[in-house]
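The values are calculated or read from the model by the stated rules, or taken from the named source; none is laboratory data. These figures come from a predicted structure and were not determined experimentally. All Cβ positions, glycine included, derive from the backbone under ideal geometry; neighbour counts span all protein chains shown.
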Amino acid sequence: MEFKKYKDIVYQIIGAAMEVHDEMNWGLLEPVYNEALHFELLNRGVDNEREKQIPCFYKGLRMEKLYQMDLMVGDVVVELKSVEELNSAHRAQLFNYLRLTHKPIGLLINFGQSSLQGERYGYDEETNECILLDKNMNPVYE
């Protein structure tokens, strides 16, 4: 998968998140940052969709239960947090959204510390794996 083609949009999203963090500081509730980031992206001319609902399936049957993602920016899933530290459960939530939507890029952004935290992930549809990406959108193999 060619993740580098998403570098510009990822930089735009992260830049907007940095502006929100600078303006609102840290430690507020996640929905506040969600709405502020939505507005900041719109102000920058970047279309996005807040609280996008996606269906769930079981053995090919569509379930009534819907998942609600924080933000969609084109083909990029953005999961927002306002926590002391990102953990594996936060990453798993983003990975599930990537697998359900088959979107190629996911961002995990945390407003819960004095410095904004962000992680980039790519989704490989062939292997159904989510891969950590560096700031240049290259896979990081640990």
Item checked: Residue that is surrounded by the most Cβ atoms within 10 Å (Cβ to Cβ), among those in the stretch 89-137 that are in a helix (DSSP H, G or I) and of a type in the set (Lys, Arg) -> Arg91
Item checked: Pick from the stretch 57-83, criterion of a type in the set (D, E, K, R) and in contact with a strand residue (DSSP E or B) (Cβ under 8 Å, 6 or more places away or on another chain), ranking: nearest to Asp47 (Cα to Cα) -> Asp75
Note to self: Which pairs turn up if I take residues in the stretch 106-117 that are under 15 Å from Leu133 (Cβ atoms) and among the small types (Gly, Ala, Ser) and look for partners that are outside any strand (DSSP E or B) and modelled with pLDDT under 95 with beta carbon separation below 9 Å, at least 6 apart in sequence or on another chain?
What the structure shows: Gly106/Tyr97; Gly106/Leu98
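Yes or no: Gly27 modelled with pLDDT under 95, within 23 Å of Gly112 (Cβ to Cβ) and more than 13 Å from the chain's Cα centre (by Cα)?
yes
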